[in-house]
Amino acid sequence: MARLPGEGLRARDAADVERLVDRALSTGEIARAVRADRTGELGRRLRTGALAEAALLAEAAAPEYRTYLALREHAVGGTGGTGDNGAVGDTDGDAGRGRWRGLLPLLGVLVPSLAAVASVVFFLLGYLLRPAASQRALADALITAGQVSVVLTAASLACGVAGLLGTAARHRASGADTPGERLRRAREAWQLALLERGIVPHLERQLNSGPPTAPARDAGRRTRPGYSSPDFAAPDYTSGRYASGDYAGGDYASPDYAGPDFSGPDSGPRH
């Protein structure tokens with residue numbers, strides 16, 4: 001992973017910036033332009049340029065980044081041991097109340113269970129001892145204790161359910177305002193601001209000002225040599241401007257061959 005320079009950008013946030021650059025290169029018009037370049041040179045050039053200018057790009061989201069850093073340092077450092085005595089006392093009080101709130105759900109589960117078991121034991125012993133005349137008073141007392149245990153079981157069960165519902169409601173209400181949740185929202189706000197106001201505009205400027213890339217269908221086409229064809233002009237065959245060449249036939253006379261001078265079979269040669 002490349003180390004991103006810059007005074008304002010912390011080194012531990014370099015991975016976030018790098019992921020945002022990759023995200024910007026894979027969405028929208030930028031992604032289509034990168035995919036159109038079969039060589040991959042455009043994507044490498046845009047990514048390298050964005051990472052090199054990370055310090056300047058981070059200034060576009062400086063307010064969100066300061067908020068995120070403040071919450072992160074507050075979450076890491078903590079406030080329990082850094083405040084005054086009153087703050088420490090309040091923290092201890094909150095911790096004590098938190099421990100009691102944690103015990104209530106446990107009691108809401110244990111007390112109904114124990115009361116139910118006790119009521120079963122009381123009823124069982126009471127009805128077993130009731131037939132004996134000498135143990136009738138003890139049997140009646142056990143049965144009464146079993147009835148009381150049933151009432152306690154129902155009441156503790158209702159209180160336990162109410163306590164669990166109240167605890168769940170408090171967790172839902174306070175979960176959206178915990179330090180961890182505030183830190184998460186601040187980080188998302190910084191990343192969104194950096195992406196929309198810093199990285200994407202920078203990539204679009206680099207894409208518009210960079211050298212044009214050849215279309216995909218012309219990537220393998222051979223270019224023409226850097227010379228032009230000879231300048232040949234066709235003859236002008238328009239009427240009135242073209243005259244046939246003055247080609248006179250050669251003055252050739254046919255050979256003077258006279259036929260044999262025979263007048264007939266009886267005639268001799270002419271003298």
Dividing the mean separation of Cα pairs under 8 Å (6+ apart) by the residue count of the stretch 1-74 yields a relative contact order in percent of 41 percent
Label-point separation (nm) for Leu192 and Ser26, each offset 7 Å from Cα along Cα-to-Cβ? 2.1 nm
Carbon and sulfur together cover what percent of the accessible area of the stretch 30-71 at a 1.4 Å probe radius? 58 percent
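The values are calculated or read from the model by the stated rules, or taken from the named source; none is laboratory data. Note that the coordinates shown come from a computational prediction; the quantities given were computed from them, not determined experimentally. Heads up, the Cβs are rebuilt from the backbone with ideal geometry, glycines too, and the neighbour counts pull from every protein chain shown. To get the accessible areas, we keep the full protein, side chains included, count just its heavy atoms, and leave off ligands, DNA and RNA. Shrake-Rupley method; radii C 1.70, N 1.55, O 1.52, S 1.80 Å.
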